[in-house]
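Novice: One structure is given below, represented as structure tokens, and several questions about it will come after.
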Amino acid sequence: MDMMAWSGVTDAATDPDDTLSQADALRDSRTWAEAAATYAAVLRLRPRDWPIRVQYGHCLKEAGDPHAALLAYREAERQCSEDADIHLQIGHALKLLGRQEEALEEYARALTLDPANEAARAELLALQAEPMEATAPIPVEPQAVVTAKMPASAASVIYDASDLLDYFRHNRAPTGIQRVQLNIIREALAADSSGVAIVGFDSRLGQWKLLAPALFLRLAALSHEGSAVEDPAWQATLREVEAVLREAGPLEAPPGASLVNLGSSWWIPDYLRVVRQAQARSGLRYIPFIHDCIPLLVPEHCSSGLVDEFARWFASVCLHADAVLTNSECTRADFRRAQRRLLPDLEIPAFTVPLDAADPLAGGGALPPRLRSGRPYVLFVGTIESRKNHLLAFNAWLSLVRRHGAEAVPDLVCVGKQGWLAEAALQLHRNSSALRAKVQLLHGVPDSELGALYRGCLFTLYNSFYEGWGLPVTESLAARKVPLVPDHSSLREAGRDCAVYFTPQSEPDLVAKLERLIFEPGFLAEREAALAAAPLPRRWAEVAAQLQSLVREAGRTRLPSPRARLAFRLGEVHGLRLLPGPEPSLAMATADVLREGEAWHRLEDWGVWTGPGQSLLRLPLEPEAEAGRLRIYLELVAPPEAMAFRVRAGMRGGAPGAFREVAAAAGEALFCMLEIEAVAGGEIEVEIESDRGVTLPDGRQVAIGLRSLMACRRDDVVARLDYLERATLPRMVAA
């Protein structure tokens with residue numbers, strides 16, 4: 001089955017120029033969502049046409065999805081990295097996402113490529129003048145800003161809500177992972193407010209900032225009550241959160257506290273370097289919650305940028321995590337398999353916290369106005385994206401209408417915002433009058449209305465190519481509505497014996513199961529009776545209590561430090577940059593974990609800048625490495641101005657070597673070679689010092705930049721020549 005086949009727009013039958021004209025017309029009429037879908041159709045026919053991809057990104061941004069726009073612009077950048085306008089648009093998307101420092105870098109890059117780009121210059125000046133917020137922040141309660149200490153309890157748990165707070169900058173109604181975070185943190189606070197803290201990460205300063213529980217609970221309550229992001233109460237609360245993240249002092253975690261990240265952090269630059277520093281300073285335990293490994297398992301349903309980010313994050317998590325939490329046994333097995341491919345001898349404790357809870361959707365609430373006619377409907381809750389495969393559901397509904405007539409077939413109500421690669425399903429919906437009449441698409445639905453939607457439906461449908469859990473399935477069970485789901489991944493755990501299962505991605509079997517539920521006398525009633533006799537899903541308070549207990553259990557063991565989980569073989573080259581996926585590799589994590597100290601800037605595609613002050617590199621040698629004379633090679637690049645720096649190397653804990661003074665011309669690429677006497681099984685330490693930095697157009701103070709390094713035995717001529725050839729020759733073809 002061709003899962004990405006187009007309905008209504010096919011490569012063979014469609015003229016790309018005609019489709020492009022349609023897209024341009026929709027863009028000019030400011031019909032942003034339809035224009036984005038039509039540009040996507042053009043890209044199916046012209047995948048290398050980066051200007052069209054830029055237009056696609058514009059429409060996604062104007063339609064209210066800056067993250068999807070950023071991914072589109074990044075794809076265009078891969079095809080044409082030297083176009084100033086692409087970097088300008090990337091900067092716009094990053095600014096909308098609240099990632100000002102990265103936006104500054106992109107505006108600076110645009111200005112470097114095109115010094116006459118006034119738009120980039122204006123954005124740089126504006127952001128440098130007011131880096132965090134264009135509007136005046138409202139006053140913040142003094143205790144929220146001044147207090148940055150937690151109770152001095154070894155059992156303290158710190159919940160990092162950075163991912164949730166970033167989501168709320170542009171959305172209000174939560175989706176699955178946001179709902180999980182809101183509910184668990186809320187219940188954890190209710191059970192043990194003295195031993196629980198909530199923090200957000202300030203990526204400008206590389207610090208966690210403490211968020212007052214009352215402020216978090218107010219944000220959670222407002223998210224539950226509505227979906228309008230322009231609501232004054234919602235905007236005022238968001239400004240208060242931003243003020244805390246901007247003005248509060250850094251968190252001082254008590255010794256032995258656990259940092260639990262219930263969302264994602266792979267998009268936060270240098271996040272794990274700060275985790276590593278906290279682990280060394282206070283014994284902080286880092287415990288991420290892994291909802292799925294979908295970018296590794298079905299990367300074709302994710303953007304390439306997300307796949308790369310996730311692969312790098314996963315590799316680094318395997319070095320930094322003291323334990324992991326997973327939402328299902330399926331996800332736990334997926335994590336374990338991928339982790340053992342990287343570090344087969346390391347056993348990271350992995351605990352399953354099933355997300356079989358759904359009590360927040362109980363209570364009052366009316367159906368959305370469009371559904372108050374009384375027509376029967378089936379409910380499908382999930383982001384409209386390639387992985388959820390709404391196209392299969394839409395084709396099944398067409399089959400039902402053609403076999404049984406429109407009046408006999410219930411409506412299909414799809415609740416969820418538009419996500420990645422949804423164009424095929426949306427195009428089919430637009431092209432078919434039968435689907436437009438029978439399938440309703442809703443987004444921005446608040447929890448109160450979502451509960452009413454569950455209670456009012458005949459049954460629910462949930463489809464995907466792969467799942468980590470499938471929270472809508474549990475919500476369906478809690479509402480005592482039978483879920484119809486594919487028989488794969490974690491959905492057996494979520495649906496238990498109460499769901500009706502169909503063969504994954506089989507339209508005939510899906511249609512057959514739908515016909516039984518809709519038309520077969522007694523079948524739905526029989527399944528409802530079985531569901532009524534089954535235990536209700538847990539309450540979120542029980543999930544939070546289980547998670548807290550497992551975090552305490554994880555605190556009883558201590559894994560090796562991140563660098564101690566690695567062993568560096570002599571002669572291996574280590575790139576100090578963002579390495580591409582799609583598969584996680586230890587080289588990705590190595591690029592991050594080599595760096596110590598606070599003078600480093602974040603990794604970039606080309607390499608990494610040091611800053612003024614001291615920057616350290618530490619390389620633990622494999623245990624079997626023998627003592628002897630070693631050479632260490634550093635591949636360096638100078639900033640746009642000439643500068644001097646000092647560098648030395650030695651064995652950690654031993655007498656440091658003498659500093660070597662190096663003067664680098666503006667933009668010069670150079671190599672530095674250092675010799676040391678190695679100690680068997682020890683750790684090499686390279687120290688780089690700069691008295692001053694060079695100011696880049698984005699405002700960052702940088703010193704010397706690094707691209708790669710290699711350590712080898714002094715007499716290993718082959719390794720030395722191989723490294724220098726690969727680093728200095730841009731392209732060498734072997735005969």
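The values are calculated or read from the model by the stated rules, or taken from the named source; none is laboratory data. What you are looking at is a predicted structure, and each value in this text was computed from that prediction instead of being measured. Cβ placement follows ideal geometry from the backbone for every residue including glycine, while neighbour counts extend to all protein chains displayed.
Novice: Tell me, yes or no, whether segment 164-184 has at least one residue that is farther than 16 Å from residue 274 by Cα, over 21 Å from the mean Cα position of the chain (by Cα) and aromatic (Phe, Trp, Tyr).
Specialist: No, segment 164-184 contains no residue that is farther than 16 Å from residue 274 by Cα, over 21 Å from the mean Cα position of the chain (by Cα) and aromatic (Phe, Trp, Tyr).
Novice: Right, something else. For the list (1) assigned by TED's automatic domain parsing to the domain that holds residue 415; (2) in contact with a Gly (Cβ under 9 Å, 6 or more places away or on another chain), I need the number of the one condition that residue 512 fails.
Specialist: Result: residue 512 passes all but (2).
Novice: Among the candidates 622, 526, single out the residue that is farther than 30 Å from residue 499 by Cα and among the acidic types (Asp, Glu).
Specialist: Testing whether each residue is farther than 30 Å from residue 499 by Cα and among the acidic types (Asp, Glu) leaves just 622.
Novice: Look at residue 354 and say whether it is in a loop (DSSP other than H, G, I, E, B), without any contact (Cβ under 8 Å) to a residue 12 or more places away in the chain and either touching a strand residue (DSSP E or B) at 6+ places or on another chain (Cβ under 9 Å) or not assigned by TED's automatic domain parsing to the domain that holds residue 433 (or both).
Specialist: Answer is no for this residue.
Novice: Within segment 558-575, restricting attention to residues that are touching a Pro at 6+ places or on another chain (Cβ under 8 Å) and farther than 17 Å from residue 323 by Cα, which residue is surrounded by the fewest Cβ atoms within 10 Å (Cβ to Cβ)?
Specialist: Among them, the one singled out is 567.
Yes or no, residue by residue, for (1) at pLDDT below 95; (2) farther than 26 Å from residue 546 by Cα:
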residue: 233; (1), (2): yes, yes
residue: 245; (1), (2): yes, yes
residue: 268; (1), (2): yes, yes
residue: 273; (1), (2): yes, yes
residue: 283; (1), (2): yes, no
residue: 308; (1), (2): yes, yes
residue: 323; (1), (2): no, no
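Novice: Same structure again: Being more than 14 Å from residue 583 (Cα to Cα) and either under 22 Å from the mean Cα position of the chain (by Cα) or in a helix (DSSP H, G or I) (or both) is the filter here, so list the residues in segment 328-350 that pass it.
Specialist: 328, 329, 330, 331, 332, 333, 336, 348, 350
Novice: Still on this model: Could you count how many residues in segment 268-313 are hydrophobic (A, V, I, L, M, F, W, C), in a helix (DSSP H, G or I) and within 11 Å of the chain's Cα centre (by Cα)?
Specialist: Selection size over segment 268-313: 5.
Novice: Please verify whether residue 640 is loosely packed, with under 14 Cβ neighbours inside 10 Å and in contact with a Ser or Thr (Cβ under 9 Å, 6 or more places away or on another chain), treating the condition exactly as stated.
Specialist: Spelling it out, residue 640 is indeed loosely packed, with under 14 Cβ neighbours inside 10 Å and in contact with a Ser or Thr (Cβ under 9 Å, 6 or more places away or on another chain).
Novice: Among 522, 607, which is at positive phi and under 22 Å from the mean Cα position of the chain (by Cα)?
Specialist: Sole residue among the options that is at positive phi and under 22 Å from the mean Cα position of the chain (by Cα): 607.
Novice: Quick one: in segment 408-431, of everything that is at pLDDT 95 or above and farther than 17 Å from residue 463 by Cβ, which residue is surrounded by the most Cβ atoms within 10 Å (Cβ to Cβ)?
Specialist: In this case the residue turns out to be 409.
Novice: For segment 417-426, give me each residue that is among the aliphatic types (A, V, I, L, M) and assigned to a loop (DSSP other than H, G, I, E, B).
Specialist: Correct list: 421, 422.
Novice: Still on this model: Out of everything in segment 377-416 that is in a loop (DSSP other than H, G, I, E, B) and touching a strand residue (DSSP E or B) at 6+ places or on another chain (Cβ under 7 Å), what residue ends up being nearest to residue 300 (Cα to Cα)?
Specialist: Residue satisfying both the conditions and the ranking: 416.
Novice: Filter segment 455-471 down to the residues that are assigned to a helix (DSSP H, G or I) and surrounded by fewer than 24 Cβ atoms within 10 Å (Cβ to Cβ) and list them by number.
Specialist: Selection gives 455, 456.
Novice: Hey, does segment 429-449 have a residue that's within 27 Å of residue 227 (Cα to Cα), assigned to a helix (DSSP H, G or I) and either in the same structural domain as residue 71 (by TED's automatic domain parsing) or of a type in the set (A, V, I, L, M) (or both)?
Specialist: yes
Novice: Looking at the structure I just gave you, is residue 64 touching a Phe, Trp or Tyr at 6+ places or on another chain (Cβ under 9 Å) and outside any helix (DSSP H, G or I)?
Specialist: yes
Novice: What residue, of 549, 506, is over 28 Å from residue 389 (Cβ atoms), outside the structural domain of residue 309 (by TED's automatic domain parsing) and either polar (S, T, N, Q) or free of Cβ contacts under 8 Å to residues at least 40 places away in the same chain (or both)?
Specialist: It is 549.
Novice: Moving on to the next point. Can you pull out the residues in segment 85-109 that are free of Cβ contacts under 8 Å to residues at least 60 places away in the same chain, touching an Asp or Glu at 6+ places or on another chain (Cβ under 7 Å) and more than 12 Å from residue 123 (Cβ to Cβ)?
Specialist: Within segment 85-109, just 86 meets the criteria.
Novice: Can you give me the number of residues within segment 42-59 that are more than 20 Å from residue 87 (Cβ to Cβ) and buried (at least 24 other Cβ atoms within 10 Å of the Cβ)?
Specialist: Residues meeting the conditions: 1.
Novice: What number of residues within segment 186-223 are in contact with a Ser or Thr (Cβ under 7 Å, 6 or more places away or on another chain) and assigned to a helix (DSSP H, G or I)?
Specialist: 4
Novice: Within segment 69-81, does at least one residue satisfy the condition of being over 20 Å from residue 36 (Cα atoms), touching a residue at least 12 places away in the same chain (Cβ under 8 Å) and of a type in the set (Phe, Trp, Tyr)?
Specialist: no
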